[in-house]
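Each reported figure results from applying straightforward, stated rules to the coordinates on display, with no laboratory input. Please read all numbers here as calculations on a predicted model, not as lab measurements. Here the Cβ positions follow ideal geometry from the backbone for every residue, glycine too, while neighbour counts run over all protein chains shown.
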Amino acid sequence: MIKPQIAQKISSVLLWTITLLVVSSMLFIIVYTVLHGWRSLNMHFVFGSTITGGLMAPILGTLYLILLTLLFIFPLGVGTAIYLSEYAPENKFTKFTKFALKSLAGIPSIIYGLFGVAFFVVFIGHTCILAGALTMACLSLPYMVTSAEEALIGVPKTWREASYALGATKWETTWKIVIPAALPGIMTGVILCAGRVVAETAPLLATVGFSPFNPVSPLDGARTLALELFYLATEAPSTGGITRQDLITQAMGVAIILFIIIILMNMSVRWIGKKYSNEQYKIGR
Amino acid sequence: MSKKNIEITVRCLLFLCSIISLMILVGIGYFLFKNGFSAFIENGLGNFIFGKTWNISKNVYGVYPLILGSLFVTTGSIIVSAPIGISVAIFMTDIATSDIKKIIGPCIELMAGIPSIVFGLVGMIFLVPLIRENFSPPGYSLIAAIIVLIVMTMPTIITLSEDSLRSVPRQYKEASYALGATKWQTVWNVTLPAAKSGIIGAVILGMGRAIGEAMAVYMVIGNAFKIPNSLFDPSRTLTSNIVGQIEEAALNSQHMHALFACGIILLIFVFLFNGISFKMRKVV
Amino acid sequence: MKDKLYSKDLSLWYGKKQALKNVDFSFKDKSITAFIGPSGCGKSTYLRCFNRMNDLIATVNIEGEVVYNGIDINGKDADPVEIRKKIGMVFQQPNPLPKSIYENVAYGPKIAGIKKKKTLNDIVEKSLRKAAIWNEVKDELKKSALALSGGQQQRICLARTLAIEPEIILMDEPCSALDPIATAKIEQTMLDLKKDYTIVIVTHNIQQAARISDQTAFMLLGELVEHGTTKEMFEKPINTETSDYINGRYG
């Protein structure tokens, strides 16, 4: 038998190596993307009109899609979370709803794409931002509900009791005590869902359309940054003078923009988390 | 409005919210089956599942190679990412100091946040030529998809295994240390066995992620409709099949039905994996 | 001659908070030493210095010496794993591992590299007998240790500690989670073990210290206020704080 102390050393070295390998593979992806894409990032490419080869339409499309999606899931998700954490009786229906939400979270995004085509696109009659936003709303709803529910459950019971003891009704307590206290957690959910809209491609392939024009109405077609990346990477160059290599560089440039957005979102989630645990909750717990 | 009426109104509204949330799942199931079920009838269930032809002009659809493709990439990636992911989780819970955790934690979080399309892009531009030049053309292959999925399933496996390792009561570890066990002996004999079911659950959830991943796989697997003979052959999965054709298939055509049927089969696998995972992790 | 185990000028900080202040104490071999004091006085923290259990807490800083067999156990050459094999510990909450009774007791020897079934069987039986629980569990060694009562679990934990043949046994309020009958059984076992082991017990139960210990030490706010033979301490304590505590005037 190997001496335990030696086994300890070996295992420790091994675990270190594996972890560094994983972290460096991730850093590699980022560095590789940046090295191959930074050249494309100029004012004309990022903020130029899409007709002339810029990213204005995808940027506006992404923002439009985020806003519209949040418009649907914020009330619906928070409402569901409040119902589940504050109001729902302990019965089969509640259990089933919770189970359904967990199942929804596990469904692959391409399935939402199919659903969006079969329902929203058919219902509206054509592909457009609205159809894409509704599809993304279905996809991100479980994340919204889960974050909000966790935040609501985390509000100390004693605060609720204090409010009831002063004669407040359930809704008054929920509205004036519970929701304000849970707001940071709810905001985290909002950012998380916006992140999904930015990152997902599969559900939007056949729902959001692919217009190169800046979107105005929710019934217009649009593209998102991730979709733009997909087409840049997979389509053959159509206009003269642009090589496939140029398109790849541009795709990598879009990937850099996506990274920046994701990093900013992660940072704001962390920042909210920190503020949240420092200020309010020290008193409560 | 009196306080009582407000209370009742609010309760109804909130209940309505949760009903709508529930309806989405029902709706997805309904539309998937409404469109996909016809494909089972049009082709015959057996012919559809075990058929090896996918011919759009003749309207003959069989998905056997797709099912195999999906299962190959899933098992292939999980065989590698499970041991690596669990190792990192052990590192994070039992070896890393809090300073190191502060660096690696956000890295893994970021890794989870990278859009799948970016994994696909780097796979396509970096990995595919690498395989083509050093191993075997065309580079777009099963192995490329497997490697991309290894990286993509890693954060899921790490985070969930870490949760489950962390939830092992501290008393167990203390008992083991107090008896003169080394860190590794404690991990191997106490922590891992106590966290076993949670870790298995994490790995199976990783499989659910892998089989459901569409874009990244589509970009590197080559999408050849055939049963691959080697890891370096191009192949096609249920998901990449849908990605490739969802835009061109006409609504209500047999072609579209066949794509939805792919979705049904995919969903069955995903629910199977997730169901087991939920059970193991005691989520439900 | 110096004793086998002593601490010299030992201070400990949790982050910025000082939990032990220059504690000097020397343990008599083959006897029971009890540490008493109000909760938060640092007695458990002090105990955990002797098998380096505080290593598991990231923010701990230690100054001073803990010497066992002439070696500073916090020193660079000291191996916590070896030390813990010689200095065993029984915890406040019974903490059997989620394994069978047999596997719990055999865990330490197995980890130390003993593989022979026969030897393991012998060790398990001997240890369970010493912990006075053999008769209660000998027919169900395969049963999960978690299924036993609290008192039985604690004696399994004691047996588990004995199985690694330590010289010193640290007991961190071993009876605080037990009922009086289980407590009496543990106390009897401790008295029986005294002839072979050096036992250190931390307890909030003053009567328990009086019943079983040979030496008693009183701690307050991280400082060792007073120590001596149990008889002296209880009959004529020098320090007023000590007498106040012993007479129940502290919380």
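Computed quantities for the displayed model
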item: Inter-label distance, nm, simple model (7 Å from Cα along the C-beta direction), A:Val122/C:Asn61; result: 6.9 nm
item: Among the listed pairs C:Lys21/C:Lys86; C:Lys4/C:Lys115; C:Lys8/C:Lys28, those beyond 23 Å (Cα-Cα); result: C:Lys21/C:Lys86; C:Lys4/C:Lys115
item: Sorted largest first, extent of the stretch C:17-143 alpha carbons per principal axis (Å); result: 49, 35, 31
item: Placed amide H near C:Ala19: partners under 5 Å, 5+ positions off or other chain; result: C:Leu12, C:Trp13, C:Tyr14
item: For the protein assembly as shown, share of DSSP beta bridges that run antiparallel, in % to the nearest 5; result: 60 percent
item: Contour excess over end-to-end distance, with Cα ends at A:Leu166 and A:Ile6 and 0.36 nm allotted per residue; result: 51.2 nm
item: For A:Gly48, residues with placed amide H under 5 Å, excluding near neighbours; result: A:Leu55, A:Met56
item: For the stretch B:113-126, Karplus couplings with θ = phi - 60° (6.51, -1.76, 1.60), whole Hz, Gly/Pro x; result: x, 4, x, 4, 4, 6, 4, x, 4, 5, x, 5, 8, 9
item: Dipole magnitude (debye, nearest 20) for the stretch A:37-163, charges at Cβ of Lys, Arg, Asp, Glu; result: 180 debye
item: Rounded to 10°, Cα long-axis angle of helix A:244-278 versus longest principal axis of chain A; result: 20 degrees
item: Average beta-carbon neighbours from other chains, 10 Å sphere, peptide A:16-25; result: 6
item: Value at 222 nm in deg cm²/dmol, rounded to 500, when DSSP H runs of n ≥ 4 in the protein assembly as shown each add -39,500 (n - 2.57); result: -19500 deg cm²/dmol
item: Residue-averaged beta-carbon neighbours from other chains (10 angstrom radius) around B:261-272; result: 3
item: Residues with amide H under 5 Å from that of C:Ala34, placed H, sequence gap 5 or more; result: C:Ile201, C:Asp214, C:Gln215, C:Thr216, C:Ala217
item: Neighbour-count ranking [beta-carbon atoms within 10 angstrom, fewest first] of A:Leu35, B:Leu13; result: A:Leu35, B:Leu13
item: Cα gyration tensor, the stretch B:68-191 - rounded (a/c under 1.5), prolate or oblate; result: prolate
item: Those GluC sites (Glu not before Pro) in the stretch B:149-252 that DSSP places in a loop and that have at most 12 other beta carbons within 10 Å; result: B:Glu247, B:Glu248
item: Pairwise centroid distance, computed over Cα atoms, of the stretch B:150-209 with the stretch B:1-20, Å; result: 44 Å
item: Local net charge near B:Ile90, Cβ-Cβ under 12 Å (Lys/Arg +1, Asp/Glu -1); result: 0
item: Furthest towards positive pole of dipole, C:Leu162, C:Ala177, C:Gly228, structure part chain C, Cβ charges; result: C:Leu162
item: Neighbour-count ranking [beta-carbon atoms within 10 angstrom, fewest first] of C:Phe35, A:Phe93; result: A:Phe93, C:Phe35
item: Cα long-axis angle, helix A:179-199 against chain A (0 to 90 degrees, to the nearest 10); result: 20 degrees
item: Between the stretch B:40-86 and the stretch C:1-22, the Cα center-to-center distance that results, in Å; result: 66 Å
item: Dipole magnitude of chain A, debye to nearest 20 (Cβ charges: Lys/Arg +1, Asp/Glu -1, about Cα centre); result: 960 debye
item: Restraint check, C:Lys43/C:Lys194; B:Lys279/C:Lys142; C:Lys116/C:Lys138, Cα-Cα greater than 25 Å; result: B:Lys279/C:Lys142
item: Under 12 Å from A:Lys170, Cα to Cα: aspartates and glutamates that are on another chain or at least 8 residues apart; result: A:Glu86, A:Glu161, B:Glu7
item: Residues of type lysines that B:Lys58 reaches as a straight line, Cα spacing below 26 Å, ignoring anything fewer than 8 places off in the same chain; result: B:Lys34, B:Lys226
item: Neighbour-count order for A:Ile186, A:Ile242, A:Ile248, fewest beta carbons within 10 angstrom listed first; result: A:Ile242, A:Ile248, A:Ile186
item: DSSP-assigned coil residues among chymotrypsin sites (Phe, Trp or Tyr not before Pro) in the stretch B:123-185, each with at most 13 further Cβ atoms within 10 Å; result: B:Phe135
item: Per-residue HN-Hα couplings for the stretch C:107-112 [Karplus 6.51, -1.76, 1.60; θ = phi - 60°; Hz; x = Gly/Pro]; result: 4, x, x, 4, 5, 7
item: Residues of the stretch C:93-107 with amide N under 13 Å of the 7 Å Cα→Cβ point at C:Ala147; result: C:99-102
item: Karplus-derived HN-Hα couplings along the stretch B:183-190 (A = 6.51, B = -1.76, C = 1.60, θ = phi - 60°), whole Hz, x at Gly and Pro; result: 4, 5, 4, 5, 4, 6, 8, 10
